[in-house]
Amino acid sequence: MDDLKELVSKLERAFADRLVSVILYGSAAGADHHAKFSDLNILVVLKEITPRELADSEPVLRWWREHNHPTPTIMSEEEAHNSADCFPIEFRDMKDRRKLLYGVDVIADVPVDGKFYRAQVEHELRAKLLRLRQQGARVLSDPAELLKLCVDSVATFCVLGRHALVVAGIDAKTERRAVVHQLSETLKMDVSPFDVLLDVREDRSGSEIGDPGELFAKYLDCIRRMIEFVDRLEA
């Protein structure tokens, strides 16, 4: 993609020998890449980060955001090697799905502790379920807004569902629908709400949405089952 090539060029000009690596990670680096819906998640690793580096990064990051991409994560080389215990989901995602765009692959040898990993997966699932309920309560009487809320959140819960499977020692797929069907088989639950929401998200015609209120209720129940599954893995 032209934007990625231009980003690397701008970063090289801005930092020269202070730039250690540029890594694309997440769905855009995997088999489930969708040009319309996959964010370009970028990790930029510098030798160190001081006010000078922040100032040098400002025009590059502004340009990147103007192209409707999420702000890259910028870490020092030391942080990239020693932060996996604080951000196990992010580092696990980077380890599983990444493309090195420049420099040294600093992620390859970073270990991810299973205890911290499981705890963060449960935390993220619970926190995002609480937020989804709160947001849903405000728009329950508006079917269109309620459906939009669910559609906007489904990719995140697919990612967390994949991590739930990995925590359980399952060889999880990366493509969203494959993950959803693995969850169905493992948790013995109906995942049709996920399929419907992914259909809407991907503009697939002919999908039967039904009542958004009922869809929302079933969607919440699927997420609750995922949380219970991860919670039982604690022992």
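Any read-out appearing in this document is the output of simple, stated calculations on the displayed coordinates, not a laboratory observation. Because the structure is predicted, anything quoted here is derived from the model rather than measured. No Cβ is skipped: glycine too gets one built from the backbone with ideal geometry, and neighbour counts run over all protein chains shown.
So which trypsin sites (Lys or Arg not before Pro) in the range 191-227 pass both tests, a DSSP loop state and at most 16 other Cβ atoms within 10 Å of the Cβ?
Of the trypsin sites (Lys or Arg not before Pro), the ones in loops of the range 191-227 whose Cβ has at most 16 other Cβ atoms within 10 Å are R204.
If I take every Cα pair under 8 Å that is 6 or more residues apart in the range 2-103, average their sequence separation and divide by the length, what percent do I get for the relative contact order?
This gives 38 percent for the range 2-103.
Restricting to DSSP loop positions (anything but H, G, I, E, B) with no more than 10 other Cβ atoms inside 10 Å of their own Cβ, which trypsin sites (Lys or Arg not before Pro) remain in the range 1-103?
Qualifying residues, ordered by number: K36.
Using the alpha-carbon centroid of each, what span in Å lies between the range 80-130 and the range 154-208?
Value for the Cα centre distance between the two parts: 20 Å.
Charges only on Cβ, +1 for Lys and Arg, -1 for Asp and Glu: so what's the dipole of the chain about the Cα centre, in debye to the nearest 20?
So the magnitude is around 240 debye.
May I ask which residue of L183, G169, Y219 lies farthest towards the positive end of the charge dipole of the chain, with charges of +1 (Lys, Arg) and -1 (Asp, Glu) on Cβ and the Cα centre as origin?
Value: Y219.
Take I42, I107 and order them by how many other Cβ atoms sit within 10 Å, fewest up front.
With the sparsest Cβ surroundings first, the list reads I107, I42.
Out of T186, T50, T156, any idea which swings most in a Gaussian network model of the chain, alpha carbons joined below 10 Å?
The residue that fluctuates most here is T50.
Neighbouring Cβ atoms within 10 Å as the yardstick, rank C150, C222, C86 fewest first.
In increasing order of surrounding Cβ atoms, one gets C86, C222, C150.
With a length cut of 24 Å (Cα positions projected on each helix's long axis) and a Kyte-Doolittle mean of at least 0.0, go through the chain and give me the DSSP H helices that pass.
Helices passing the filter in the chain: 143-167.
How would F216, F157, F15 line up from fewest to most surrounding beta-carbon atoms within 10 angstrom?
F15, F216, F157
If amide hydrogens are placed 1.01 Å from N in the peptide plane, which non-local residues have theirs closer than 5 Å to the one on S76?
Under 5 Å from the amide H of S76: L46.
According to the Cα gyration tensor, what semi-axes, each the square root of 5 times an eigenvalue, does the equivalent ellipsoid of the range 114-232 have, listed from largest to smallest in whole Å?
Listed largest to smallest, the semi-axes of the range 114-232 are 24, 17, 11 Å.
Can you tell me how the range 2-103 classifies by the Cα gyration tensor, rounded, prolate or oblate, using a/c under 1.5 as the rounded cut?
Oblate.
From the square roots a ≥ b ≥ c of the eigenvalues of the alpha-carbon gyration tensor of the range 59-184, which class results: rounded (a/c under 1.5), prolate (a/b over b/c), or oblate?
Oblate, because a/c is 1.5 or more while a/b does not exceed b/c.
Compare D203, D85, D195 in a GNM of the chain, Cα atoms joined below 10 Å, and give the one with the largest fluctuation.
Looking only at D203, D85, D195, the largest GNM fluctuation is found for D203.
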